[in-house]
Amino acid sequence: MTTKTDFATEEWDALLTGPLSASMYIVIASPSVFGSIKEITALSKELVTAAARPDNTELLRYMLSDYQSKDALKQVTPNVKGKPEEALGALRSYIEKAVSLLNEKATDEESAQIRQWMYDLAVKTAEASKEGGFLGMGAVRVSDAEKKALVELAGILGVEVADVAADEVSASAEEASGEDATVA
């Protein structure tokens, strides 16, 4: 069982930054003003919902407890600036650092649960707002850019791709093999 005391202060902050970075990765991958507000609201709701789950590991409970403090949350919220590619690169680094710490210090069960939870946060963020279309017509729950970002996050986190992004994986696999996805 891993606890907060197993981490140095800087490590703990880096671990707490990881899940927030995963959610922000989706927000920046497909930015829109109103969509971003809904996506950030979804993150806040999920932090509260996750804290109520009885099957959380001890380490995840410690993390969720720290997210309840506005000061702590502000301290570990990633501050990324620049072009979207630069911001995504910085967020990717935060996520990779959190995964590295989990793999180094947490039990396999704790690491797997937290990495999956980080991915689930990203999925909930992606699903929080419809993207594209005009006046709601033609909008989709998860945009192609968000699907691509979810596939990237699944790779970084070492988890399976969610159904919402599965067609992105199929398209990427077909692209890589040189097959044409539109067979008549």
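List of remarks:
- With neighbour counts taken as other beta-carbon atoms within 10 Å, the residues SER23, SER111 rank, fewest first, as SER111, SER23.
- Whole-Hz ³J(HN,Hα) from phi, Karplus 6.51 cos²θ - 1.76 cosθ + 1.60, for region 77-93, glycine and proline x: 6, x, 10, 10, 9, x, 5, x, 4, 5, 5, 5, x, 5, 5, 4, 5
- Added length on full extension, which subtracts the Cα-Cα distance from 0.36 nm per residue, ARG53 to THR107: 17.5 nm
- Once the Cβ-Cβ distance of ALA8 and LYS81 is raised to the sixth power relative to R0 = 35 Å, the FRET efficiency obtained is 0.85.
Every read-out reported here was derived from the displayed coordinates using simple, explicitly stated rules and does not represent laboratory data. All figures in this text were calculated on a predicted structure; none of them were measured in a lab. Cβ atoms come from the backbone with ideal geometry, glycine included; neighbour counts cover every protein chain shown.
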